[in-house]
1. Are there GluC sites (Glu not before Pro) in the stretch 1-80 that DSSP marks as loop and that have at most 16 other Cβ atoms within 10 Å, and which are they?
2. In a solvent-free Debye calculation with one equal scatterer on each Cα, what is log10 I(q)/I(0) for the stretch 58-126 at q = 0.27 Å⁻¹, listed in the order of the q values?
3. Could you state the principal axis extents of the C-alpha atoms in the chain, from the largest down, to the nearest angstrom?
4. Comparing V20, V203, V29, which has the greatest mean-square fluctuation in the GNM of the chain with Cα pairs linked when under 10 Å apart?
5. I need the shape label for the stretch 87-152. Rule: rounded when a/c is under 1.5, else prolate if a/b > b/c, else oblate, with a, b, c from the alpha carbon gyration tensor.
6. Working from Cα positions, state the angle (0 to 90°, nearest 10) between the long axis of helix 217-228 and the longest principal axis of the chain.
7. Mind listing the long-range amide H neighbours of I143? Cut-off is under 5 Å, sequence gap 5 or more, other chains count too, H placed in the peptide plane at 1.01 Å from N.
8. With the contact rule set at Cα under 8 Å and sequence spacing of 6 or more, what percent relative contact order holds for the chain?
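Derivation of every value follows stated rules applied to the coordinates shown; laboratory data play no part. Remember, it's a predicted structure, so these values are computed and weren't measured experimentally. Cβ: placed from backbone, ideal geometry, glycine included. Neighbour counts: every protein chain shown.
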Amino acid sequence: MNEAKIPAHWPPHWPDITDVTVRAAIAAVPRHRFVPPEHRNQAYEDMPLPIGRGQTISQPYIVALMTQALRLTPASRVLEIGTGSGYQAAILAHITPHVWSIETLPDLAETARARLHGLGYEVEVQGGDGRLGWPAQAPFDGIIVTAAAPDVPPALAAQLAEGGRLIIPVGASLWDQSLWLIERVRGRLRRELLAEVRFVPLVATTSRDQPEDPALTDVRRELCELFAAHSGRRSDSFDERYL
Ligand code: SAH
């Protein structure tokens with residue numbers, strides 16, 4: 001099955017994916033190597049697929065949209081939360097050699113690490129709770145979260161470099177999630193709505209009883225203010241986007 005090839009027509013025509021480096025990455029990364037054998041014949045259909053443990057490899061269009069929103073260059077330092085199959089990490093690694101990824105399920109982390117390294121992608125994969133980010137490697141020019149959080153984890157916003165971009169699905173349920181861009185501009189955070197999406201949940205694997213790092217108090221407050229105007233209703237979000 002490994003002789004399967006990337007079809008010549010891949011990726012499909014996505015009118016809003018205009019970044020040629022993103023299209024080139026999607027065209028180059030063998031998605032069939034990241035999906036389980038029973039779904040390999042669907043690897044080049046534009047849909048999410050199950051990867052085991054109740055998790056999914058995202059729809060390629062969403063991978064392209066999120067990657068494009070990061071505006072990466074070969075010098076960018078990027079953190080991914082939710083390694084899953086490793087496919088999104090491989091797309092990032094095709095654009096920049098500085099990629100770190102965190103996965104909470106140890107077996108998925110191990111499989112993805114071996115797969116990425118086997119394919120020659122230099123991604124550092126760590127097991128753990130991605131909501132805490134990767135302080136030792138911060139700050140990052142890009143942070144991409146591939147699971148939906150009820151709120152933006154303050155540690156992730158705090159680990160953004162000046163001009164850094166955080167792409168994150170936010171929503172309490174599967175049916176009400178918005179994909180946000182949070183950008184640090186001249187020290188302040190700003191947000192922009194990108195799309196309505198549907199992701200598996202970002203799970204809390206570290207205890208809520210642990211005291212929060214006092215250094216995060218300010219960024220938590222700033223995030224609260226940033227999202228205070230957003231009631232969570234779809235119409236609000238879209239009005240705001242097109243105002
Ligand atoms: N980016 C993946 C798809 C990820 S699905 C790919 O390209 O295949 C979302 C992943 O996030 C799942 O593997 C899930 O286990 C992981 N996840 C959920 N909560 C997490 C957390 N707190 N920290 C790190 N990973 C988490």
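1. Passing both the DSSP loop test and the Cβ count: E3, E45.
2. -1.25
3. 52, 39, 34
4. Maximum fluctuation in the GNM of the chain, among the listed residues, is at V20.
5. Note, shape of the stretch 87-152 comes out oblate.
6. Approximately 80 degrees, to the nearest ten.
7. Amide H neighbours of I143, under 5 Å, 5+ apart: L79, R165, L166, I167.
8. The normalised contact order for the chain reaches 13 percent.
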